Amino acid sequence: MTDLNKKFSFIIPIYNTGIDIVEKCICSILGQKINNFEIILVNDGSSDKVIDDFCKDLESTESGLIYIYQENQGSAVARNKGLDMATGDYIFFVDADDTLVEESFQKYLNLSEEVEITCFDYLITDGQNSTNYSLNRKMDLSNHKNRLYANIMYKPGVLDDFAFGAIWGKCFSRQFLEKNNIRFRPELRKTQDRIFMLEAFLHSSNILYLPIPFYNYHVNPNSITHVKNFRMLDYCERLINCFNDLVEQYPELKKDSKYFTYNIFQEMLLLTYLNKYSDFSSKIYVSEITKIYKRFKLDEGLREISYQDFNNSGEKIKLFLYKNRFFRVLKYYYSRVK
C-alpha cells in the first residue's frame with residue numbers, strides 16, 4: 001500500500017456473544033501491526049448486561065475503540081451504524097465470534113495497492129480442524145465481474161466456490177462505499193451479505209484478490225440444525241424480493257439468478273421442515289412445502305436448472321428430488337448427510 005498512514009476501521013456487531021469470544025476477536029485485531037486504526041463495537045441489544053459493561057470498560061481503557069449500544073434491530077442496522085461512525089480510509093467487517101489470522105495485516109500492507117475492494121484467503125474452523133480456502137495467486141478481478149456475480153449467486157464451480165458472497169475477509173474503501181451509497185438493507189435482519197456484495201461488485205471497477213490467509217471463520221457445529229427456525233420463510237421472502245429488485249435494475253444478473261433462488265430455498269427448507277430434528281408428520285411438512293412451492297413458483301425456477309450444471313453427484317440427486325417433489329426422500333437424505 002502506498003500510504004502506510006491510511007486509517008482502518010473494524011466494525012464488529014455483537015449480539016449475545018460471550019465475553020471470552022468477543023475478547024479473542026478484539027485481541028486478534030489489536031495483535032496486528034497497524035499504526036492507525038479504530039475498532040467499532042456495536043451491541044445490537046444483547047440481553048446480557050455483562051457484555052455491555054465489558055465493552056464500556058474496554059472503551060475507557062483502549063484508545064481507538066468505540067462502543068455503541070442500540071436496541072435490537074439486526075446486524076444490518078448495527079453494521080450501518082458502524083459505517084456511519086467510521087472515520088477510516090478502509091473498512092473491515094468482522095463477526096464477533098471470528099478472528100483475524102496472526103500477522104496477516106502486515107503481509108497485506110506489504111502486498112496491497114489502493115483499490116476499492118480487496119478479497120483475502122480465509123480459514124474455516126470448527127474448533128478442531130481448520131481448512132484454508134485459497135485461489136493461490138494474486139488476481140485482478142475487475143475484468144471477471146460476471147464470474148463474481150455467478151459465484152455470489154451460487155452457480156456451481158465458479159471461482160472454485162470461493163466465498164465472495166461473504167462480507168468477512170474483505171477490505172472496502174470507505175470513500176467507495178460512501179460515493180455509491182452502499183449499505184446493508186435494514187429489512188434483511190439476516191442473510192444480507194450476498195446482496196451487499198453484489199451491490200459492491202456491481203459498482204466497483206477496481207477489485208483485487210490477495211492469496212493471504214487473513215480471516216478465521218469459526219463454525220459452531222451445534223448451532224445450525226438443532227433449532228427449527230420458521231422465521232426463515234419471512235427472511236427468505238425479503239431476501240428474494242431485494243434480489244429480484246437488483247436483477248431488474250441490473251439485467252446482467254438475470255442469467256444466473258435461478259441458482260440464487262434455488263439455494264436460498266434449500267437453506268430455508270432445511271432450517272424448517274427438512275432437517276432431521278423436525279418432528280412434523282410427513283403429511284404436515286409435505287403439505288407446507290407444497291404451499292411454499294406454489295407461493296414462490298419454485299417449479300418454474302427448478303425447470304431452468306440442469307443436472308449438467310453440477311459435477312457433484314450428491315447435488316444432482318438433491319436437484320432430482322426437489323424437481324420431483326420427493327420431500328420425504330429429501331428429509332431422509334438430509335438426515336443421512338447433515
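The values are calculated or read from the model by the stated rules, or taken from the named source; none is laboratory data. The structure presented is a predicted model; accordingly, all values stated were derived computationally and were not measured. Neighbour counts are summed over all protein chains in view; Cβ atoms, including those assigned to glycine, are modelled from backbone coordinates with ideal geometry.
Give GLN249, GLN266 a once-over and let me know the one that is surrounded by fewer than 17 Cβ atoms within 10 Å (Cβ to Cβ) and under 26 Å from the mean Cα position of the chain (by Cα). GLN249 is the lone residue from the list that is surrounded by fewer than 17 Cβ atoms within 10 Å (Cβ to Cβ) and under 26 Å from the mean Cα position of the chain (by Cα). Checking each residue in segment 279-302 for being over 25 Å from PRO156 (Cβ atoms) and surrounded by 18 or more Cβ atoms within 10 Å (Cβ to Cβ) picks out only TYR285. Restricting segment 110-123 to residues that are surrounded by fewer than 16 Cβ atoms within 10 Å (Cβ to Cβ) and closer than 16 Å to LYS170 by Cβ, the residue that is modelled with the lowest pLDDT is LEU111.
Looking for whichever is under 11 Å from ILE212 (Cα atoms), in the same structural domain as LEU202 (by TED's automatic domain parsing) and surrounded by 15 or more Cβ atoms within 10 Å (Cβ to Cβ) here; the options are LYS170, LYS107. Which one fits? Every option except LYS107 fails the conditions. For segment 252-263, taking the residues that are surrounded by fewer than 18 Cβ atoms within 10 Å (Cβ to Cβ) and of a type in the set (D, E, K, R), the one that is farthest from PRO156 (Cα to Cα) is identified as GLU252.
When segment 37-54 is limited to residues that are more than 19 Å from GLY88 (Cβ to Cβ) and of a type outside the set (Asp, Glu), the one that is surrounded by the most Cβ atoms within 10 Å (Cβ to Cβ) turns out to be ASN43.
Restricted to segment 186-236, and to residues there that are farther than 24 Å from LYS107 by Cβ and polar (S, T, N, Q), the residue that is modelled with the highest pLDDT is SER205.
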